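In what follows, a structure is listed as structure tokens, so that the remarks can point back to it.
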Amino acid sequence: MTRIISGRAGSLALEVPDAGTRPTSDRVRESLFGALESADAVRSAAVLDLYAGSGALGLEALSRGAASVDLVEKAPRAAGVAQRNADRVVKSLGGGVARVHRTAVDAFLRAARGPFDLVLIDPPYDLGETELTTVLALLAPSLGADATVVIERSSRSPEPTMPDEIAIERSRKYGDTTLWWAGPA
């Protein structure tokens with residue numbers, strides 16, 4: 001079971017797509033959001049969750065005080081789950097802005113209207129490095145001046161290749177998962 005860990009919708013259960021996604025573990029989400037809150041990167045943020053799956057990452061941010069979240073998921077079944085989860089979280093919060101976009105990440109970014117303050121990128125582990133680099137280049141113009149970008153990948157994956165406009169600041173390994181933190185260069 002996946003759930004919202006903390007915030008105003010804390011412990012609310014979320015649906016998970018039956019196949020094709022890899023939800024971020026509670027342990028990784030708890031560490032990630034503890035660090036994001038310490039950096040004051042969540043409160044009132046415009047959040048973008050790419051490859052959203054169930055929407056758990058973006059909805060966790062909404063529960064913890066983000067101003068809005070855009071969940072981007074191409075797979076129809078996963079996008080349906082993300083929409084139901086978004087509706088459940090918004091209802092639990094008594095309001096909020098959670099938009100689900102059923103489209104490919106690159107198509108969304110070509111038309112994106114940022115700026116986004118916090119971007120959570122959790123692509124399928126089999127997404128190639130070239131495709132990830134393209135996504136990051138498309139993302140760069142939509143970042144706010146002090147944006148935080150977090151990329152979740154398999155620990156076996158190489159460090160993401162960043163476009164000139166985005167710089168990696170640090171990384172943290174959690175077993176089979178590594179988080180790379182980045183921001184505008």
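Coordinate-derived values only; no laboratory data. Quick caveat, the model's predicted, so the values are computed rather than measured. Cβ coordinates were reconstructed from backbone atoms using ideal geometry, including for glycine residues, and neighbour counts include every protein chain displayed.
When only C-alpha pairs under 8 Å and at least 6 residues apart count, what is the relative contact order of the chain, in percent?
Computed over the chain, the figure is 18 percent.
Sort 53-63, 106-116 by packing, meaning the average of other beta carbons within 10 Å per residue, with the highest value first.
Details: 53-63: 28.3, 106-116: 15.7.
Ranking, from highest mean packing down: 53-63, 106-116.
So how compact is segment 7-55: Cα radius of gyration and Dmax in angstrom?
Cα only, segment 7-55: 12.2, 34 Å (Rg, Dmax).
Per 0.36 nm of contour for each residue apart, how much would the distance between residue 38 and residue 106 grow if the chain were fully extended, relative to their Cα-Cα spacing?
Full-extension gain reported as 21.4 nm.
Given Cα positions, please report Rg to Rh for the chain, the hydrodynamic radius being the Kirkwood one.
Ratio value, two decimals: 0.92.
Could you point to the residue in 95, 115, 147 farthest towards the positive end of the chain's charge dipole, with +1 and -1 charges on the Cβ of Lys/Arg and Asp/Glu respectively?
Result: 95, furthest along the dipole toward the positive end.
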